[in-house]
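In what follows, a structure is listed as structure tokens, so that the remarks can point back to it.
The values are calculated or read from the model by the stated rules, or taken from the named source; none is laboratory data. Note that the coordinates shown come from a computational prediction; the quantities given were computed from them, not determined experimentally. Here the Cβ is made from the backbone with ideal geometry for all residues, glycine too, and neighbour counts use every protein chain on show. Protein only, heavy atoms only, side chains kept; ligands, DNA and RNA dropped before computing areas. Shrake-Rupley method; radii C 1.70, N 1.55, O 1.52, S 1.80 Å.
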Amino acid sequence: MNWTGMMAEFAFVLVVSAAFMPICRGWRLLPVLVAGIAVFTGFSGMLRAVFGDLSAASMVAAIWFIVRSVVGFRDRGELSRFFRLIFITALPLYFTSLTGIGPDLYALGFGAWWYVVIIGIVGLWAVMLDSWLIGLWLASGLFLTAVDLGESSNVWDSLVDAPAAAVGLITWVVFGVSRLRADGKWCFVERSV
Amino acid sequence: MVSSGGVRVTLPKMTFSGLMVLVTLGAAFKTRAPSLGDAGETLAATRPQAGLTPLRVLLPSPADALVVSGKVAPSVHAVSAVELPSHGLLAFWFGGSREGASDVSIYSSLLSPGAQTWSAPQVAVARRDASRDLGRPLRKLGNPVATMVESRLWLFYVSVSVGGWSGSAINVTWSDDFGETWAPSCRLVSSPFANISTLVKGPAIDLGNGHLALPVYHEMVTKFPQILRIDCSGEKPRVEGRTTIPGGEKTIQPWIVSCPGGGAVAFLRRTGDRQPFVHVSRTSDGGGIWSRPVPAGKLANPNASVAAVDLGGEDILLAFNDTDSGRDDLSLAVTGDGGVSWQLIGSVENESRRPEEKGEKRLEYSYPWLLRTEAGEIHLFYTWNRRQIRHLKIPTQKREAEAGRKEP
């Protein structure tokens with residue numbers, strides 16, 4: 001593999017690993033270590049082959065996590081809530097795309113200008129309510145679409161990806177279990193970072 | 001700082017708002033027409049306005065078949081073919097030790113104008129090369145589909161990185177020297193869920209203005225047909241729209257034939273045990289809205305691929321496996337009403353027609369591909385017992401001449 005390919009895969013696994021960090025008690029250098037091992041073993045290529053390119057959801061969350069790891073977390077449940085939002089967003093998209101039942105939401109992402117405007121308005125609204133993470137996510141997704149940075153021209157592909165949705169699902173499960181077992185023995189998602 | 005209704009508007013928020021408006025406008029300007037009908041392009045855009053010369057099809061003899069695939073691979077399947085500007089025929093298929101093996105490559109072979117034999121096959125896409133181009137490990141290669149648009153030859157093909165065929169993605173490469181050399185492959189992103197489970201089988205339709213309509217199908221969780229609108233005018237081809245044929249569960253491998261007046265009909269392979277018939281879906285608005293797939297009369301479909309071609313007038317020729325199970329009979333039928341009623345032409349290949357094959361454990365004449373050339377010749381390609389790709393020129397008669405003879 002050439003160096004650029006290797007660096008791309010390293011960055012990919014770094015971002016994916018960092019995205020998973022909020023749901024486990026973390027060692028801050030763990031994402032770097034995981035990414036290094038993944039590239040060394042060739043697992044990173046398989047991971048990228050399976051999941052494709054990352055969206056703004058994973059990238060913004062990973063950067064947010066890395067920055068917060070350095071400067072300190074103000075709201076320790078923020079990332080978990082964010083990933084749950086990604087999962088909720090992805091759920092109807094994946095359902096309609098995998099089953100062919102109902103309106104083709106993914107097709108909207110190719111060509112509905114009003115859909116893009118709605119995303120912009122929601123992003124503005126989120127920031128006005130101090131939900132910077134959501135605002136940055138939506139702004140980054142629209143930016144990726146506007147400058148054609150990804151392989152896809154679909155807005156959805158700039159906004160959500162399967163790894164981020166998977167993290168969202170896992171945080172739902174862990175959060176649900178922790179709510180049921182609120183005796184302190186389980187790792188609360190909101191405290192886990 | 002401005003406070004309004006509990007919302008504090010700070011300088012960072014105002015700055016962000018400005019950027020948000022900019023990226024929103026930028027993204028909105030990048031949006032395209034999401035489906036075929038909305039783009040003003042129709043599936044009939046490149047159909048000859050004057051119409052094709054109506055043809056009557058006669059049954060070919062399998063003894064006249066030419067071997068396309070040579071002996072480069074023990075197992076071959078899924079042929080696709082185009083007519084070159086020189087009027088030669090160029091065929092593509094995948095071959096290797098077995099379907100799904102890591103040594104499978106996509107091969108091509110040329111039948112020059114006037115030639116009686118196909119050229120020695122050469123590799124068009126090898127798995128390792130595709131993997132390098134795409135920057136991803138690939139486990140196997142699958143169905144190729146070739147399309148000639150003006151002087152550029154496009155080759156779409158299926159690849160799998162993990163899992164079975166339901167984990168497929170579609171890739172594309174192109175050649176400006178009619179298959180001698182190929183551009184690096186690139187991936188088409190057609191699905192939001194990790195871009196998996198989109199496969200290709202039927203020919204693309206040139207929409208004009210550098211756009212193609214590519215019939216594809218989905219196989220993960222459920223199976224259904226779709227049509228991708230692909231922009232091939234840029235540096236790299238990209239999917240710019242997607243239309244799902246509604247209620248098409250359990251139907252795959254759409255083969256689209258344009259009809260006069262902007263309509264089109266899609267012939268579909270039916271999977272599963274219920275309604276084992278060839279299915280059809282129709283559109284009258286150029287591909288924007290499709291009807292729910294219904295059986296095409298009582299034409300059998302043992303979960304096998306079909307191919308169709310416009311015979312001119314209202315007639316469409318269909319190649320299909322006319323059996324309840326298995327693929328040991330490849331037949332031809334003609335419809336003059338978009339797939340409602342059919343006239344069976346006959347069986348091209350079956351056990352009785354080739355008694356020398358009785359030693360074969362399992363006869364298979366499958367994955368047909370039909371092609372009409374500019375000169376009006378009809379060509380049938382198909383997989384022959386997974387060991388060869390065969391080619392038959394189907395004898396035809398002009399229907400006008402026939403009608404003229406009948407006149408008093």
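How many of the residues making up the stretch B:309-326 are part of a strand (DSSP E or B) and under 17 Å from residue B:346 (Cβ atoms)?
Total meeting the criteria: 9.
Please determine, by comparing only the residues of the stretch B:228-253 that are open to solvent by less than 10 Å² (accessible area, probe 1.4 Å) and outside any strand (DSSP E or B), which one is farthest from the other protein chains (Cβ to nearest Cβ).
Step by step, filter the stretch B:228-253, then rank; the result is B:237.
Looking at the stretch A:128-153 only, could you name the residues that are within 7 Å of another protein chain (Cβ to nearest Cβ) and crowded, with 23+ Cβ neighbours inside 10 Å?
A:135, A:139, A:142, A:145, A:152
Could you check, for the stretch B:192-199, whether at least one of its residues is farther than 20 Å from residue B:246 by Cα and either surrounded by fewer than 18 Cβ atoms within 10 Å (Cβ to Cβ) or in contact (Cβ under 8 Å) with a residue 60 or more places away in the chain (or both)?
Looking for residues that are farther than 20 Å from residue B:246 by Cα and either surrounded by fewer than 18 Cβ atoms within 10 Å (Cβ to Cβ) or in contact (Cβ under 8 Å) with a residue 60 or more places away in the chain (or both), one finds none in the stretch B:192-199, hence no.
Residues are listed down the side, and each one gets a yes or a no for (1) open to solvent by less than 30 Å² (accessible area, probe 1.4 Å); (2) more than 12 Å from the chain's Cα centre (by Cα); (3) closer than 15 Å to residue B:145 by Cβ:
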| residue | (1), (2), (3) |
| --- | --- |
| B:178 | no, yes, no |
| B:189 | yes, yes, no |
| B:219 | no, yes, no |
| B:223 | no, yes, no |
| B:255 | yes, no, yes |
| B:262 | yes, yes, no |
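Select from the stretch B:125-147 the residues that are within 17 Å of the chain's Cα centre (by Cα) and at pLDDT below 95 and list them in ascending order. Walk me through how you get there before you give the answer.
At the first step, the residues of the stretch B:125-147 found to be within 17 Å of the chain's Cα centre (by Cα) are B:141-147.
If the condition is that a residue be within 17 Å of the chain's Cα centre (by Cα) and at pLDDT below 95, then no residue fits.
Would you confirm, using the coordinates I've provided, whether residue B:122 is within 23 Å of the chain's Cα centre (by Cα) and open to solvent by 70 Å² or more (accessible area, probe 1.4 Å)? Show your work before the answer.
Working: within 23 Å of the chain's Cα centre (by Cα): yes; open to solvent by 70 Å² or more (accessible area, probe 1.4 Å): yes.
Taking the combined requirement at face value, the residue satisfies it.
Okay, residues lined up against (1) surrounded by fewer than 24 Cβ atoms within 10 Å (Cβ to Cβ); (2) out of contact with any Gly (no Cβ under 7 Å at 6 or more places or on another chain); (3) more than 21 Å from residue B:260 (Cβ to Cβ):
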| residue | (1), (2), (3) |
| --- | --- |
| B:289 | yes, no, no |
| B:296 | no, no, no |
| B:306 | no, yes, yes |
| B:326 | yes, yes, yes |
| B:336 | yes, yes, no |
| B:361 | yes, yes, yes |
| B:382 | no, yes, yes |
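One residue is enough: does the stretch B:49-67 have a residue meeting the conditions away from chain A (no Cβ under 14 Å), modelled with pLDDT under 85, part of a loop (DSSP other than H, G, I, E, B) and open to solvent by 70 Å² or more (accessible area, probe 1.4 Å)?
Yes: the stretch B:49-67 contains one or more residues that are away from chain A (no Cβ under 14 Å), modelled with pLDDT under 85, part of a loop (DSSP other than H, G, I, E, B) and open to solvent by 70 Å² or more (accessible area, probe 1.4 Å).
Residues in the stretch A:42-96 that are open to solvent by less than 40 Å² (accessible area, probe 1.4 Å), assigned to a loop (DSSP other than H, G, I, E, B) and either more than 14 Å from chain B (Cβ to nearest Cβ) or under 20 Å from residue B:168 (Cα atoms) (or both): how many?
Selection size over the stretch A:42-96: 4.
Just give me the residues in the stretch A:102-114 being open to solvent by 60 Å² or more (accessible area, probe 1.4 Å) and facing chain B (nearest Cβ under 8 Å), in sequence order. Walk me through it before giving the result.
Taking the stretch A:102-114 and keeping what is open to solvent by 60 Å² or more (accessible area, probe 1.4 Å), we get A:103, A:113-114.
The one that is open to solvent by 60 Å² or more (accessible area, probe 1.4 Å) and facing chain B (nearest Cβ under 8 Å): A:113.
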